[in-house]
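Taking it in order: structure first as structure tokens, then the write-up.
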Amino acid sequence: MNTTETKLIFEHSHAGRSAVAQAPQEHAATAIPAHLRRKSAPGLPAASELDVVRHYTRLSQKNFSIDTEFYPLGSCTMKYNPRACNSLAMLPGFLNRHPLAPASHSQGFLQTMYELQEMLREVTGMQDVSLAPMAGAQGEFTGVAMIRAYHDARGDTERREIIVPDAAHGTNPATAIMCGYEVREIPTDETGDVNLEALREAVGPQTAGIMLTNPSTVGVFERRIEEIAKIVHEAGGLLYYDGANLNAILGKVRPGDMGFDVIHMNLHKTFSTPHGGGGPGSGAVGVGERLLPYMPVPHVEKDGQGGYQLAEEADRPETIGRLSAFMGNPGVLLRAYVYMRMLGREGMVRVAEFATLNANYLASELKAAGFDLAYPERRATHEFIVTLKKQAKETGLTAGDVAKRLLDHGFHAPTTYFPLLVPECLLVEPTETESKETLDAFVEAMACILAESADDIDTIKSSPHNLPNRRFNEVAAAKALDVAYQESAGDAAGAETRTGTHG
Amino acid sequence: MPFIPHTEEDIRSMLERIGADSVEDLFDEIPAGLRAPPLEGIPEGLNEMGITRLMQERAAMDGMPLNFIGAGAYEHHIPAAVWQIATRGEYYSAYTPYQAEASQGTLQLIYEYQTMISRLTGMEASNASLYDGASALAEAVLMAVRVNRRSKSKRVLVPGALNPVYRRVIDTLIGNQGIELVEVPFDETTGQTPVEALAAHADDDITAMIISQPNFFGILEDVDGLTGWAEEREIPVIGVVNPVSLALLKPPGEWGSQGADIAVGEGQPLGAPLSSGGPYFGFMTTRKKHIRQMPGRIVGRAEDADGKPGFVLTLQAREQHIRRSKATSNICTNQGLVVTAATIHMSMLGDEGLTRVAEACYANTHALVEKLAAKGIKPRFTGEYFHEVALDFGGNAAGQLQAMADAGLLAGHDLGRDYPALDGCVLACVTETKNENDLEQYVAACEQARAA
């Protein structure tokens, strides 16, 4: 890991320097009236092309990533992102297509998107698929907004509540609120399944729906899903499927067959589009019979003459509307398409099989190494939870400590402190693309940390030691908020940059 | 097995350690009746050579026409280094920087991005980005409602000359939150939003006001006059701006006497290719006093245990993973990879490069207007414009546009689709990517389409 880059790009700036080859030729000054014009230059960096390339290349080397480290972050599905997905989505014909190009100049793109919709429909068992949502949370919004549109259209306006298990992702309750609903939380039972008694008590004429993740965020398959569907449907509510964990069941079980009315998929998890340091994602939504009229626009459909077109508001009068300026994140959708075509029918099922094999193997080995599983009597799905409750009490070794010390061993940390209901938890998701040797090395590192905690907890508590930085004081950072760089008064280069106005 | 490394021996020994007879056994908690049928609708897998051939054919189908459409997505030159660096595995395949010590590359880059976009918009604080310009505006409306505790109406003034798709996206995203959008009409001669049009609301309880600069027709608004009207009434102002235009135009932070409260916009012109509409990114900046009401991730400078500086995600108590149902938004993503590209793009261009791009766009658009005027095709509005212009095609815009498309040139966006009063008008955009020959082609195609 390169730790030498300590300057900001602004500190590499020198007034009068620029990446000359990138600027268009000079044009006459504009006739924009003075009162509408900018008075001083913005203060962007003034650097040569090599300065910029070197700075951002060096910065990249201060990141952990799938391409460089094992990244077993639970609930995030950090699998290998095949390079072909990137290079093929970046073919000039795709990059240069304007989103408002007429259908006559869009058939290659639209056909590809239509086929993606069809493949996602098949693998989820839903009736139709929308590619419009730009991320998982927007897919959730889309789903819950459709549930609301469905009830509203029936004049069923007393349904004010969305039921959410306590193990749910934070986006679930936040989404319900954005759709104008109230949230009712129900507990998980001691085996990791939804507490059915609590569910029966919670449902009623006020129930708009339930948001469920299956396999759930505690890393087990919700065995009584059919009964849950029955309870909620009989109360007049609908079922929303959070597809965060779809990787575990791809081709094995389909949300549509489990009774869900609407689902979102994180294409950046299951279908291996890159996480990109926090986005862009894509939250395609699958829809059951009841919600078809409310699907968002635009939507790709056949034009009846052998071609494809986009359905818009006029074609779908009951649509919940439009989620983005155009149609979601097509560059991400193209990557997912390439991935799915490369896997094919057989490969799709193998994803679930080997993700599950790796998780169960890793869980067994960690257990053998002395760690406690949160649900030892259950099968792991594509992920599982280790709880350090015992160690935290005995030696002071917390989940956060293990996470930081793992970084020193060259492994990214699992997800820590989520789900909230398991104390001192590590949510571990190895994915199907990791080899047995990598998993074994991870177990070895974990065992090493456990042994170290018995005789040198201080070294662990003060870790990481081998990274560009040690642990940060986040409280102080939030207090003395610094979210944008300001050149100090004595910084001559910076001052020159700010006054070096052109035009 | 594509992307799965397991050998037969691996599988056997792993199952043995687990204590299972087969991989199938690992799925024994799933009720038998729920097991999926074979996925017959999904084709057989392709190897990389096969999929490459297929995608090349698909990409070539759409013909790469000469493009003069803008309307929210703008074709600009992107330095080769931008995406070569942005798609380095360390950026491309990293997750959200929750483990700060292992994510200093992404975190520092976002801090630099926040600095650049704050400076460009003349504001004090930026988040790490939102999905796109339209959804950023919807989030800005929600934020303004949170900021303005004095107002009880949740009534927001929206210019009729705002991108109509943005208007629809706001309707979708905040339609269930009791917010009323009130349209302020534009002047049909100038294309501007006149300050006088606000008089109708002089005594109303208004919660926030949106100003678009330039507006959807490319026309420059009297931002000081509009902001001044809002300031007199203590109404928060949301500026919707084009980032390239800000190299030349007064930034929202300087509008009126105190500046706008929130600035948002589509970040795509800063290094994201057209790519059929995404991924792009929405930017959002504000004044420091409003920062706790801002949605999305924010990176701040911090010190580590050794006193060494670095960067962390900060103010996370606003966000869904902590606050759940009380969060400022359900958003958890930012458009990290596109922001990576935009940060490299802005660094590469600098003030001078971005100014030159903006001036070239302005000059090329005005040059096209001049050439077309000589042929009798005139701008629909009289107001000053930046790099987009509403051209009066004299009727049947859709037919003329399709005829020009068939000749390999996308001449603009049909304004009559959203504005019946502008039937026959086309919104055209000429960026720095177009040369003299391209403009001549436009004029020729236009004349041919008219004659047909």
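The values are calculated or read from the model by the stated rules, or taken from the named source; none is laboratory data. Treat the numbers as computed from the prediction; the structure is a model and nothing was measured. All Cβ positions, even for glycine, are placed from backbone atoms using ideal geometry, and neighbour counts span all protein chains on display.
Taking every residue in segment A:36-64 that is more than 7 Å from chain B (Cβ to nearest Cβ) and pairing it with any residue that is of a type in the set (Gly, Ala, Ser) and outside any loop (DSSP other than H, G, I, E, B), at least 6 positions away or on another chain, the pairs with Cβ-Cβ distances below 8 Å are A:HIS55/B:SER347. Would you check if there is a residue in segment A:385-400 being crowded, with 20+ Cβ neighbours inside 10 Å, within 8 Å of chain B (Cβ to nearest Cβ) and modelled with pLDDT of 95 or more? The answer is no, given that none of the residues of segment A:385-400 is crowded, with 20+ Cβ neighbours inside 10 Å, within 8 Å of chain B (Cβ to nearest Cβ) and modelled with pLDDT of 95 or more. Cβ-Cβ distances below 9 Å connect no pair with a first residue in segment A:419-441 that is under 17 Å from A:GLU190 (Cα atoms) and at the interface with chain B (Cβ under 9 Å from one of its Cβ atoms), a second residue that is charged (D, E, K, R) and crowded, with 24+ Cβ neighbours inside 10 Å, and a separation of six or more residues or different chains. Is it the case that B:GLY394 is touching a residue at least 12 places away in the same chain (Cβ under 8 Å), part of a loop (DSSP other than H, G, I, E, B) and either more than 10 Å from chain A (Cβ to nearest Cβ) or in contact with a helix residue (DSSP H, G or I) (Cβ under 9 Å, 6 or more places away or on another chain) (or both)? It is true that B:GLY394 is touching a residue at least 12 places away in the same chain (Cβ under 8 Å), part of a loop (DSSP other than H, G, I, E, B) and either more than 10 Å from chain A (Cβ to nearest Cβ) or in contact with a helix residue (DSSP H, G or I) (Cβ under 9 Å, 6 or more places away or on another chain) (or both). Taking A:PHE271 as the residue in question, decide whether it is within 13 Å of another protein chain (Cβ to nearest Cβ), farther than 23 Å from A:TYR150 by Cα, surrounded by 24 or more Cβ atoms within 10 Å (Cβ to Cβ) and in contact with a strand residue (DSSP E or B) (Cβ under 9 Å, 6 or more places away or on another chain). For A:PHE271, the condition - within 13 Å of another protein chain (Cβ to nearest Cβ), farther than 23 Å from A:TYR150 by Cα, surrounded by 24 or more Cβ atoms within 10 Å (Cβ to Cβ) and in contact with a strand residue (DSSP E or B) (Cβ under 9 Å, 6 or more places away or on another chain) - is met.
Restricted to segment B:196-227, and to residues that are free of Cβ contacts under 8 Å to residues at least 60 places away in the same chain, touching a helix residue (DSSP H, G or I) at 6+ places or on another chain (Cβ under 8 Å) and over 24 Å from B:ARG146 (Cβ atoms), which residue is surrounded by the most Cβ atoms within 10 Å (Cβ to Cβ)? It comes out as B:ASP222.
Quick one: in segment B:60-93, of everything that is small (Gly, Ala, Ser) and touching a Pro at 6+ places or on another chain (Cβ under 7 Å), which residue is farthest from the other protein chains (Cβ to nearest Cβ)? Give the steps one after another, and end with the answer.
Going residue by residue through segment B:60-93, those that are small (Gly, Ala, Ser) are B:60, B:63, B:70-73, B:80-81, B:86, B:89, B:93.
Checking the rest, the ones that are also touching a Pro at 6+ places or on another chain (Cβ under 7 Å) come to B:73, B:93.
On the way: B:ALA73: 5, B:SER93: 4 Å.
Out of the qualifying residues, it is B:ALA73.
There is at least one residue in segment B:280-288 that is surrounded by fewer than 24 Cβ atoms within 10 Å (Cβ to Cβ), in contact with a strand residue (DSSP E or B) (Cβ under 6 Å, 6 or more places away or on another chain) and either in a loop (DSSP other than H, G, I, E, B) or assigned by TED's automatic domain parsing to the domain that holds B:GLY105 (or both).
To keep it simple, each residue is scored yes or no on (1) farther than 13 Å from A:LYS404 by Cα; (2) buried (at least 20 other Cβ atoms within 10 Å of the Cβ).
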residue	(1), (2)
A:VAL428	yes, yes
A:SER435	yes, no
A:LEU439	yes, yes
A:VAL443	yes, no
A:SER462	no, no
A:LEU467	no, yes
A:PHE472	no, yes
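Of B:ILE78, B:ILE69, all but one fail to be touching a residue at least 24 places away in the same chain (Cβ under 8 Å) and surrounded by fewer than 24 Cβ atoms within 10 Å (Cβ to Cβ); the exception is B:ILE78. Of the residues making up segment A:314-347, those that are part of a helix (DSSP H, G or I), among the hydrophobic types (A, V, I, L, M, F, W, C) and crowded, with 22+ Cβ neighbours inside 10 Å number 7.
Filter segment B:29-59 for residues that are over 39 Å from the mean Cα position of the chain (by Cα) and at the interface with another protein chain (Cβ under 7 Å from one of its Cβ atoms); which is nearest to B:SER276 (Cα to Cα)?
Restricting attention to segment B:29-59, the residues satisfying the condition of being over 39 Å from the mean Cα position of the chain (by Cα) are B:29-38.
Pick out the ones that are also at the interface with another protein chain (Cβ under 7 Å from one of its Cβ atoms) and you get B:29-31, B:34-36.
Details: B:GLU29: 43, B:ILE30: 40, B:PRO31: 42, B:LEU34: 38, B:ARG35: 37, B:ALA36: 34 Å.
So, considering only residues that are over 39 Å from the mean Cα position of the chain (by Cα) and at the interface with another protein chain (Cβ under 7 Å from one of its Cβ atoms), the one nearest to B:SER276 (Cα to Cα) is B:ALA36.
Elements of the type helices (runs of 4 or more DSSP H) sitting completely within segment A:411-485 and holding at least 2 residues that are within 19 Å of A:LEU397 (Cβ to Cβ): these cover A:436-455, A:457-461.
Quick check on my filter: what residues within segment B:367-390 are under 18 Å from B:ASN242 (Cα atoms) and outside any loop (DSSP other than H, G, I, E, B)? Steps first, please.
Residues of segment B:367-390 that are under 18 Å from B:ASN242 (Cα atoms), as a first pass: B:383-390.
Listed by number, the residues that qualify are B:TYR385, B:GLU388, B:VAL389, B:ALA390.
For segment B:352-381, the set of residues classified as more than 27 Å from the chain's Cα centre (by Cα) and either farther than 20 Å from B:ASN437 by Cβ or aromatic (Phe, Trp, Tyr) (or both) consists of B:GLY376, B:LYS378, listed by residue number.
Name the single residue, out of those in segment A:339-371 being within 19 Å of the chain's Cα centre (by Cα) and hydrophobic (A, V, I, L, M, F, W, C), that is farthest from A:LYS79 (Cα to Cα).
Looking only at segment A:339-371, we keep the residues that are within 19 Å of the chain's Cα centre (by Cα), and these are A:339-340, A:351-352, A:355.
Filter again for hydrophobic (A, V, I, L, M, F, W, C), leaving A:340, A:351-352, A:355.
Working: A:MET340: 14, A:VAL351: 10, A:ALA352: 12, A:ALA355: 10 Å.
Result: A:MET340.
The residues on offer are A:ALA137, A:ALA174, and the sole one that is crowded, with 18+ Cβ neighbours inside 10 Å, within 24 Å of B:GLY277 (Cβ to Cβ), within 8 Å of chain B (Cβ to nearest Cβ) and modelled with pLDDT under 95 is A:ALA137.
Could you grab the pairs with beta carbons closer than 6 Å, sequence gap of 6+ or different chains, first residue in segment A:276-304 and over 30 Å from B:ILE110 (Cβ atoms) and outside the structural domain of A:GLU118 (by TED's automatic domain parsing), second one in a loop (DSSP other than H, G, I, E, B) and modelled with pLDDT of 95 or more? Qualifying pairs under 6 Å: none.
Just one of (1) touching a helix residue (DSSP H, G or I) at 6+ places or on another chain (Cβ under 9 Å); (2) more than 7 Å from chain B (Cβ to nearest Cβ) fails for A:ALA19. It is (2).
Scanning segment A:248-263 for residues that are closer than 10 Å to A:GLY286 by Cα and either of a type in the set (Phe, Trp, Tyr) or surrounded by fewer than 24 Cβ atoms within 10 Å (Cβ to Cβ) (or both) yields a total of 2. In the set (1) surrounded by fewer than 22 Cβ atoms within 10 Å (Cβ to Cβ); (2) farther than 21 Å from A:GLY277 by Cα, B:ILE235 fails one condition alone, (1).
In segment B:429-452, the residues that are within 19 Å of B:ALA73 (Cα to Cα) form Cβ pairs under 7 Å with partners that are at pLDDT below 95, at six or more places apart or across chains, as follows: B:GLU432/A:PRO24. Within segment B:415-436, if we keep just the residues that are surrounded by fewer than 23 Cβ atoms within 10 Å (Cβ to Cβ) and of a type in the set (D, E, K, R), the residue that is nearest to the chain's Cα centre (by Cα) turns out to be B:ASP418.
Could you check, for segment B:111-128, whether at least one of its residues is under 17 Å from A:ALA135 (Cβ atoms), within 9 Å of another protein chain (Cβ to nearest Cβ) and surrounded by 24 or more Cβ atoms within 10 Å (Cβ to Cβ)? Write out each step before concluding.
Of the residues in segment B:111-128, the ones under 17 Å from A:ALA135 (Cβ atoms) are B:127-128.
Then drop every residue that is not within 9 Å of another protein chain (Cβ to nearest Cβ), which leaves B:127-128.
Filter again for surrounded by 24 or more Cβ atoms within 10 Å (Cβ to Cβ), leaving B:127-128.
Within segment B:111-128, one or more residues are under 17 Å from A:ALA135 (Cβ atoms), within 9 Å of another protein chain (Cβ to nearest Cβ) and surrounded by 24 or more Cβ atoms within 10 Å (Cβ to Cβ).
Filtering A:VAL123, A:VAL144 for residues that are at pLDDT 95 or above, crowded, with 24+ Cβ neighbours inside 10 Å and at the interface with chain B (Cβ under 8 Å from one of its Cβ atoms) leaves a single hit, A:VAL123. Of all residues in segment B:363-404, those satisfying the criterion of being crowded, with 21+ Cβ neighbours inside 10 Å and farther than 27 Å from A:HIS27 by Cα are B:PHE393, B:ALA397, B:GLN400, B:LEU401, B:MET404.
Of all residues in segment B:20-50, exactly one satisfies the criterion of being under 23 Å from A:PHE94 (Cα atoms), among the aliphatic types (A, V, I, L, M) and out of contact with any Gly (no Cβ under 9 Å at 6 or more places or on another chain), namely B:MET49.
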